[in-house]
């Protein structure tokens with residue numbers, strides 16, 4: 001059985017995909033996964049869900065004001081939100097095999113005045129995340145919570161935050177500059193320019 005597109009532009013409608021999934025033996029979950037894979041532009045299968053989570057975070061951070069981000073990160077959801085962000089970073093990271101370092105993120109602005117510490121251990125082309133690991137960090141990044149969300153969401157670069165004084169860096173500067181690429185942090189997308197005739 002072949003699936004035929006019923007839209008004029010050649011795209012698939014969700015109803016068509018569901019109907020196709022019901023009438024064949026591939027199942028609805030497989031069809032939904034296919035739609036999601038098509039949405040994230042056929043990224044490597046290993047990281048498709050982590051890429052989807054990173055894009056959702058980037059979209060949320062892009063569309064949310066600093067005041068709203070501040071209220072969310074100061075709420076009771078802070079721990080869960082940070083855990084999800086670092087889990088996504090760990091899943092997406094692709095450090096080089098020669099990189100062996102511990103990177104520590106210190107996020108200030110907790111309700112009790114404390115600091116949340118997360119360590120990423122980069123070794124042998126892999127990344128491990130821990131809440132407060134015991135390793136001695138090669139790089140320590142200290143950020144306020146909104147700046148961290150902007151960095152993790154790709155709306156602010158580490159260089160811009162460093163120049164603005166919102167990011168404090170201690171340790172290996174060369175490693176710090178290579179982090180966004182190694183951790184595959186979302187990048188700021190250029191805005192589509194409208195051309196006038």
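The values are calculated or read from the model by the stated rules, or taken from the named source; none is laboratory data. As the structure is a prediction and not an experimental result, all values here were calculated from the model. Ideal geometry is used to build each Cβ from the backbone, glycine not excepted, and the neighbour counts take in all protein chains shown.
Taking residue 76 as the residue in question, decide whether it is modelled with pLDDT under 90 and under 17 Å from residue 182 (Cα atoms). No, not satisfied. Checked against (1) touching a strand residue (DSSP E or B) at 6+ places or on another chain (Cβ under 8 Å); (2) modelled with pLDDT of 90 or more; (3) farther than 17 Å from residue 146 by Cβ, residue 83 passes all but condition (1).
For the stretch 91-105, residues that are modelled with pLDDT of 90 or more and under 16 Å from the mean Cα position of the chain (by Cα) total 1. Is there a residue being surrounded by 12 or more Cβ atoms within 10 Å (Cβ to Cβ), modelled with pLDDT of 90 or more and part of a helix (DSSP H, G or I) anywhere in the stretch 59-69? For the stretch 59-69, residues surrounded by 12 or more Cβ atoms within 10 Å (Cβ to Cβ), modelled with pLDDT of 90 or more and part of a helix (DSSP H, G or I): present.
Residue by residue through the stretch 70-80, note down the ones that are touching a residue at least 60 places away in the same chain (Cβ under 8 Å), more than 19 Å from residue 154 (Cβ to Cβ) and either loosely packed, with under 13 Cβ neighbours inside 10 Å or in contact with a strand residue (DSSP E or B) (Cβ under 9 Å, 6 or more places away or on another chain) (or both).
78
Have a look at 122, 141 and point out the one that is in contact with a strand residue (DSSP E or B) (Cβ under 7 Å, 6 or more places away or on another chain) and touching a residue at least 60 places away in the same chain (Cβ under 8 Å).
When all the criteria are applied, what remains is 122.
Flag: residue 10 matches the condition of being outside any helix (DSSP H, G or I) and at pLDDT below 50.
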